[in-house]
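Below is one structure, written out as structure tokens; the observations come after it.
The values are calculated or read from the model by the stated rules, or taken from the named source; none is laboratory data. What you see is a predicted model, and the numbers here were worked out from it, not measured in a lab. Every residue, glycine among them, receives a Cβ derived from its backbone with ideal geometry; neighbour counts consider all protein chains shown.
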Amino acid sequence: MKNLLKVANALDRLARKIGLWVGWVIIPLILVIMFDVVTRKIDYTRLYFSEYTVEYGFSVSTILQDLQWHFHALLLMFSFGIGYLANAHVRVDIFREMLPRRKQGWMELIGLLVFGVPFLVLMIMFSFDMVALSWSQGEGSDSMTGIPMRYIPKSFMVLGFLVLLAAIVATIFRLWAYLFGSQEHQDEAIDGLEIFSDQSTALADARREAELLLEQEQAAKDAARASEQQT
């Protein structure tokens, strides 16, 4: 169990770091959108870049528009992993929220093994085929003046699904430790899991605190009884 948790922590750190690093792409994305809008709305810049397109055969506006969705693809695909780990995605689970935390763990584990992992394996395979086809065809932008090498943004799908798979495998290992490990392993696994609803987490924490208080009270009674027997 200890080795499973170590692997889970490593995969968790990888997915989170990639998501945080790629998150900085939002800044150049904003700048590109602003620059594209401004240059298309102001007559002087619009005419200047039109002449540039005629002279050199490259459309700045088209390149910027292609670059925008390239950045969007990068942000979207590489944020799936950290989004799942942080439980930031949408869950339509009004029934699951009312269940105890352990039953939620079983539901999550079964769902990941039966649906999550097979789906991601298929998506990685199909995405790789799309990238390979784009590479072999030398696919570029739909516009003659756009960005070439369309296989580069398409490769974000393969890499993004791999990052999400790493996040899911980390969650599976932690759930396994939580459901089948010792109390020490369960506590360590819980610290890294953010998949449980707030209500079930609060109930589980209260139950655990009550158990600790009962254990302390029983230990105090046993100590008092032992001291009375000695006297």
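Pick from Ser61, Ser79: which is at pLDDT 90 or above, at negative phi and in a helix (DSSP H, G or I)? Don't jump to the end; show me each part of the working.
Values: Ser61 fails: at pLDDT 90 or above.
Just a single option satisfies the conditions, and that option is Ser79.
Filter the stretch 214-229 for residues that are under 21 Å from Asp187 (Cβ atoms) and either loosely packed, with under 10 Cβ neighbours inside 10 Å or among the polar types (S, T, N, Q) (or both) and give the result.
Those that are under 21 Å from Asp187 (Cβ atoms) and either loosely packed, with under 10 Cβ neighbours inside 10 Å or among the polar types (S, T, N, Q) (or both): Gln216, Gln218.
Determine which single condition Phe126 fails, assuming it passes every other condition in (1) in contact (Cβ under 8 Å) with a residue 40 or more places away in the chain; (2) exposed (fewer than 15 other Cβ atoms within 10 Å of the Cβ); (3) closer than 30 Å to Ile147 by Cα.
(1)
Residue check: is Asp36 of a type in the set (Asp, Glu), within 27 Å of the chain's Cα centre (by Cα) and at pLDDT 75 or above?
So Asp36 fails the test.
Within the set of pairs 6 or more residues apart or between chains, which connect a residue that is among the aliphatic types (A, V, I, L, M) inside the stretch 131-148 to a residue that is part of a loop (DSSP other than H, G, I, E, B) with Cβ atoms less than 6 Å apart?
As it stands, the answer is Ile147/Ser141, since those pairs meet every condition given.
When both residues are 6+ apart or on different chains and their Cβ atoms are under 7 Å apart, which pairs have a first residue that lies in the stretch 3-18 and is crowded, with 17+ Cβ neighbours inside 10 Å, and a second that is among the charged types (D, E, K, R)?
Short answer, once both residue conditions are applied: Leu5/Arg174; Leu5/Glu188; Ala8/Arg174.
One line per residue, one yes/no per condition, for (1) at pLDDT below 90; (2) more than 23 Å from Leu164 (Cα to Cα); (3) within 24 Å of the chain's Cα centre (by Cα):
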position: Ile26; (1), (2), (3): no, no, yes
position: Ile30; (1), (2), (3): no, yes, yes
position: Lys41; (1), (2), (3): yes, yes, no
position: Tyr48; (1), (2), (3): yes, yes, no
position: Trp106; (1), (2), (3): no, no, yes
